[in-house]
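Encoded as structure tokens, the structure appears first; notes follow it.
Only the coordinates and a few stated rules stand behind these numbers; no lab work does. In this text, all values refer to a predicted model and were calculated from it rather than measured experimentally. Glycine also receives a Cβ, built like all others from the backbone with ideal geometry; neighbour counts cover every protein chain displayed.
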């Protein structure tokens, strides 16, 4: 990763879609991106939990970001991906609609997150990355993976 003196630090982001929302996660949190979708439903699991995934012998909880954001839940399709993030000594899968790209974001290309973004609570995001043709909301991993959010 390069640093540019005129723009400050640079953050590497994985850009993805959840419904019409373009979002991003710093790649430093990402273990892998998985298209294998053998998700097993769990009885009495909270709505935000899509199920569990056996990832090479490790059981990973899969969180549906559509559900977390209060969007209409859809069927998994060929574009769907599970972004496995490592946070707080645990691997958790985030179900997204489509992974788009990996981009480098300079500090000068980011601004504070608004209170609401495409109908989604802005508290789920830390910053907005201004790309040439779109905006990407950078996920607040700490809040997204908060048990109070997951278990609601």
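Spin-label model, residue 88/residue 133: points 7 Å from Cα along the beta carbon direction are separated by 3.8 nm. Extension gain, residue 142-residue 80: 0.36 nm per intervening residue step, less the Cα-Cα distance, totals 20.0 nm. Across 29, 124, 16, mean-square fluctuation computed from a Gaussian network of the chain (C-alpha pairs under 10 Å connected) peaks at 29. The slack between residue 40 and residue 12, meaning 0.36 nm per residue of separation minus the straight C-alpha distance, is 6.9 nm. How many angstrom lie between the C-alpha centres of segment 4-54 and segment 68-109? Cα centroid of segment 4-54 versus Cα centroid of segment 68-109: 2 Å apart.
Helices in the chain, meaning DSSP H runs of at least 4 residues, each add -39500 (n - 2.57). Divided by all residues, the mean residue ellipticity at 222 nm is -1000 deg cm²/dmol.
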